[in-house]
Amino acid sequence: MADTEQQYYNNTLEIGPGIVFVPTNRYNIAFRYEKSAGYYLPVNSPSVNPYGSHYHNTVVMLEIYMRF
């Protein structure tokens, strides 16, 4: 898939660790923690990137799911 508009927010690279904790298989529930570092890849974007060349992201989730 190509970014035909060359927008800075469509050209990123993210790396980092994550962990999932499933307390029991009896209930469909999981706790997820992710810590990532992101980088905007250099492109000739028509809009100016106001955020700098890199960013950090921390995600904490509670997942409840069903099996079909």
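Annotations
- Only a single item in (1) among the hydrophobic types (A, V, I, L, M, F, W, C); (2) over 29 Å from Tyr65 (Cβ atoms); (3) surrounded by fewer than 11 Cβ atoms within 10 Å (Cβ to Cβ); (4) in contact with a Ser or Thr (Cβ under 7 Å, 6 or more places away or on another chain) is not met by Ile15, and it is number (2).
- A count restricted to the stretch 19-68 and to residues that are touching a Phe, Trp or Tyr at 6+ places or on another chain (Cβ under 6 Å) and β-branched (Val, Ile, Thr) stands at 2.
- Test: residue in the stretch 16-29 that is among the hydrophobic types (A, V, I, L, M, F, W, C), within 30 Å of Ala2 (Cβ to Cβ), touching a strand residue (DSSP E or B) at 6+ places or on another chain (Cβ under 6 Å) and at pLDDT 95 or above: no
- Filter result (among the hydroxyl-bearing types (Ser, Thr, Tyr) and either assigned to a strand (DSSP E or B) or touching a residue at least 60 places away in the same chain (Cβ under 8 Å) (or both)) within the stretch 1-34: Thr12, Tyr33
- Total residues in the stretch 51-68 satisfying the condition of being part of a strand (DSSP E or B) and either surrounded by 11 or more Cβ atoms within 10 Å (Cβ to Cβ) or touching a residue at least 24 places away in the same chain (Cβ under 8 Å) (or both): the figure is 10.
- Qualifying residue in the stretch 35-50 (condition: surrounded by 10 or more Cβ atoms within 10 Å (Cβ to Cβ), modelled with pLDDT of 95 or more and either over 13 Å from the mean Cα position of the chain (by Cα) or part of a helix (DSSP H, G or I) (or both)): no
The values are calculated or read from the model by the stated rules, or taken from the named source; none is laboratory data. Every value quoted in this text rests on a predicted model; they were computed, and no experiment measured them. Cβ coordinates were reconstructed from backbone atoms using ideal geometry, including for glycine residues, and neighbour counts include every protein chain displayed.
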